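J.: Structure incoming, see below.
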Amino acid sequence: MTLIKSISGIRGTIGGKVGEGLSPLDIVRFSAAFGTWLIRRNSNKLALRIIVGRDARISGSMFVGLVNNTLVGLGFEIIDLGLATTPTVEMAVPAEKAVGGIILTASHNPWQWNALKLLNEKGEFINAIEGAEVLKIADTDDFSFATIDKIGKIVNDNTWLDKHIQQILDLPLVDTNAIKMASFKVAIDAVNSIGGPAIIALLKALGVKEIIPLYCEPTGIFPHNPEPLPEHLTEIASAVVKHGANLGFVVDPDVDRLAIVCEDGTMFGEEYTLVAVSDYILENIKGNTVSNLSSTRALMDVTEKYGGTYYASAVGEVNVVKQMKDCNAVIGGEGNGGIIYPELHYGRDALVGVALFLTHLAKKGLSCSALRKTYPAYFISKNKIELKPDTNVDAILMSVQELFRNEKLNTSDGVRIDFVQAKEWVHLRKSNTEPIIRIYAESSSAVSADNLAKRIMEVIQSMA
């Protein structure tokens, strides 16, 4: 059994002994801790409202019952959206004047996992300092429940998907007429979670001519590994070719990551979802962009083409959002297919990604594979080195930094080295729980990316 407490929430496998996985007692404890943190944060308010939504995992109904009734016991009014995408919950929090939100999803993790993703009053993920405060409350059982006259209530609201879609349709850069005129045939793989109903409803609203659903029933029984990586997408690739679809969309269980399959069954590339959408945005609105340090430099190339400035943030959605606000970025996200479009809200949102990508494709008049070829070709190699338990990882990273001091360095999250002349980079990040250094390298070919990673790994091994 596994229990992980991190900046992205509290994740774990369902069941097992208390404290070793997400047992019912652990779920109650963390829910009570977050609720208590919200109460203290909003001590001047008499009535507190919180938004709760979940993906379609089979543990979801048990999970949401425990969470909701714990919050009722603290005195909250819960607006339960039922099955809902992560971005839908994020949008509902400020709109409903809630003090926070909880999304019950383990995102791309397999079916035996679940998690609590914690949102502040803006519908954005709480930061590391705030998360540490919540965990301290949980560790000390430092909460007090409401008396009988002040217990809360649960209000069910299944209208928010429609509201989410309508706000996407109202965006100036979403052109439903162009999409209708293109007569797109689109395949979808939603791994039997909430993405099935959500993406189908969106595509119909956008005027897509024909939809080919694959694993779109929200049963929570994932037919394959739910992380939208190429090795897990062979079935939709075949379906796109078989049905003569213009493209295929793939989302993870909570619909905050978007992968695209081209008409010939090839992968558009998760890294390039953000690149393509940013290309469309920047063509129409001049401005800056942000992605994390482990994302492709193709976004920098596209941004500079339009006269904007690209900024890199530390890894983690909360860090990307902070950097986007700091530099007033018009578009940003992560190389895992996460699109953050602040015109709508500050959260990764596959639904708005679908709408913007289809508009871009329709206006370009190109096939999906032809559009992909218009962008710089880069390849990322992902590796890791396992070190001895007593290894001083920080000292190694400092030594690497010194060794490559004449290159362009970024040390906001580990060490990123940009070899500007060669248009390639390597990013080294240490694990917070294990003696491991993760090494991401990008270059103009898969071979050169692997060679760059190998070169850096040899340097680290010599230091260790």
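The values are calculated or read from the model by the stated rules, or taken from the named source; none is laboratory data. Note that the structure is a prediction, hence the values are computed from the model and not measured. Cβ placement follows ideal geometry from the backbone for every residue including glycine, while neighbour counts extend to all protein chains displayed. What goes into the accessible areas is simple: the full protein's heavy atoms, side chains included, and nothing from ligands, DNA or RNA. Shrake-Rupley method; radii C 1.70, N 1.55, O 1.52, S 1.80 Å.
J.: Quote the relative contact order of the chain in percent (integer), defining contacts as alpha-carbon pairs under 8 Å separated by 6+ residues.
T.: Details: 1031 pairs, mean separation 53.1, N = 464.
Relative contact order, the chain: 11 percent.
J.: Now a separate question. Provide the per residue accessible area, probe 1.4 Å, for the range 232-278, rounded to a whole number of square angstrom.
T.: Accessible area per residue, the range 232-278: 25 Å².
J.: Additional query: Scan the chain and note any complete DSSP helix (H) whose C-alpha atoms cover at least 20 Å along its axis and whose Kyte-Doolittle average is 1.0 or more. Before the final figure, lay out each step's value.
T.: Values: long enough: 24-41 (26 Å, 0.48); 60-74 (21 Å, 1.27); 270-284 (23 Å, 0.05); 350-364 (21 Å, 1.31); 446-463 (26 Å, 0.36).
Answer set is 60-74, 350-364.
J.: Tell me the net charge near ASP170. Cut-off is 14 Å between Cβ atoms, ASP170 excluded, with +1 for each Lys or Arg and -1 for each Asp or Glu.
T.: On the way: positive: LYS163; negative: ASP162, ASP175, GLU343.
Once all neighbours under 14 Å are counted, the net charge is -2.
J.: Using only the Cα atoms of the range 194-282, each taken as one equal point scatterer with no solvent, compute I(q) by the Debye sum, divide by I(0), and report log10 of the ratio at q = 0.24 Å⁻¹.
T.: -1.46
J.: How big is D, in µm² s⁻¹, for the range 1-151 by Stokes-Einstein at 25 °C and 0.890 mPa s if Rh is the Kirkwood radius over C-alpha pairs? List each step's numbers first, then the result.
T.: On the way: Rh = 15.0 Å.
Stokes-Einstein gives a translational diffusion coefficient of 163 µm²/s.
J.: Additional query: Using the Kirkwood radius built from alpha carbon pairs, what does the Stokes-Einstein equation give as D for the range 354-415 at 20 °C and 1.002 mPa s, in µm² per second? Could you put the intermediate results ahead of the total?
T.: Values: Rh = 16.1 Å.
Calculated translational D: 133 µm²/s.
J.: Could you work out the relative contact order of the range 60-202, using alpha carbon pairs under 8 angstrom and six or more residues apart, expressed as a whole percent? Please report the intermediate quantities before stating the final value.
T.: On the way: 140 pairs, mean separation 43.4, N = 143.
The value is 30 percent.
J.: Based on DSSP, what percent of beta bridges with both residues in the chain are antiparallel, to the nearest 5?
T.: Working: 45 of 78 bridges.
If we restrict to bridges inside the chain, about 60 percent are antiparallel.
J.: List the pairs from LYS382/LYS423; LYS117/LYS384; LYS5/LYS408; LYS97/LYS150; LYS117/LYS204; LYS185/LYS364 whose alpha-carbon separation is above 23 Å, in the order I gave them.
T.: Details: LYS382/LYS423 17 Å; LYS117/LYS384 27 Å; LYS5/LYS408 33 Å; LYS97/LYS150 20 Å; LYS117/LYS204 29 Å; LYS185/LYS364 16 Å.
Distance filter (> 23 Å) returns LYS117/LYS384; LYS5/LYS408; LYS117/LYS204.
J.: Just need the Rg to Rh number for the range 266-390, please, alpha carbons only, Kirkwood Rh. Write out the running numbers ahead of the final one.
T.: On the way: Rg = 14.8 Å, Rh = 14.8 Å.
In the range 266-390, Rg relative to Rh is 1.00.
J.: While we're on this one: Using helices alone, what [θ] at 222 nm do you get for the chain, with -39,500 (n - 2.57) per DSSP H run of 4 or more residues, divided over all residues and rounded to the nearest 500?
T.: On the way: 15 runs with 177 residues, N = 464.
After summing the helix terms and dividing by residue count, I get -12000 deg cm²/dmol.
J.: A further question on this structure: How many percent of all Cα-Cα pairs in the range 32-114 sit more than 17 Å apart?
T.: On the way: 1542 of 3403 pairs.
I get 45 percent for the Cα pairs in the range 32-114 exceeding 17 Å.
J.: Oh, and also: Any idea how far the Cα center of the range 51-81 sits from the one of the range 396-435, in Å?
T.: Each part's Cα centre sits 42 Å from the other's.
J.: Lysines within cross-link reach of LYS388: Cα-Cα under 17 Å, excluding same-chain residues under 8 positions apart?
T.: LYS430
J.: With all protein chains present, how much of the accessible area of the chain (probe radius 1.4 Å) comes from carbon and sulfur, to the nearest whole percent? Working shown, then result.
T.: Numbers: 9650 of 18990 Å².
Within the chain, the accessible surface is 51 percent carbon and sulfur.
J.: Let me ask something additional. Along each principal axis of its Cα atoms, how long is the range 335-374 end to end? Whole angstroms, biggest number first, please.
T.: If we take the Cα atoms of the range 335-374, the spans are 30, 20, 13 Å.
J.: Taking the alpha-carbon distance from LYS322 and a cut-off under 19 Å, which aspartates and glutamates remain once sequence neighbours fewer than 8 residues away in the same chain are dropped?
T.: Cα-Cα hits under 19 Å: GLU90, GLU121, GLU124, GLU130, ASP256, GLU334, GLU343, ASP349, ASP413.
J.: Based on the alpha carbon coordinates of the range 329-464, what radius of gyration and maximum Cα-Cα distance (Dmax) apply, in Å?
T.: 18.3, 57
J.: To continue, here is another question. Sketch the reach of a paramagnetic label on LYS180 as a point 7 Å from Cα along Cα-to-Cβ, and name the residues of the range 197-214 whose backbone nitrogen lies under 12 Å away.
T.: What the label zone holds, given the 12 Å backbone N cut-off, is 205-209.
J.: Hey, which aspartates and glutamates would be in cross-link range of LYS17, C-alpha to C-alpha under 17 Å, not counting anything within fewer than 8 residues on its own chain?
T.: Candidates past the 8-residue exclusion: ASP26, ASP139.
J.: Calculate how large, on average over all directions, the projected area of the Cα convex hull of the chain is; give the answer in nm² to one decimal. Write down the numbers at each step before the final one.
T.: Numbers: hull surface 87.2 nm².
Over every viewing direction, the Cα hull of the chain projects on average to 21.8 nm².
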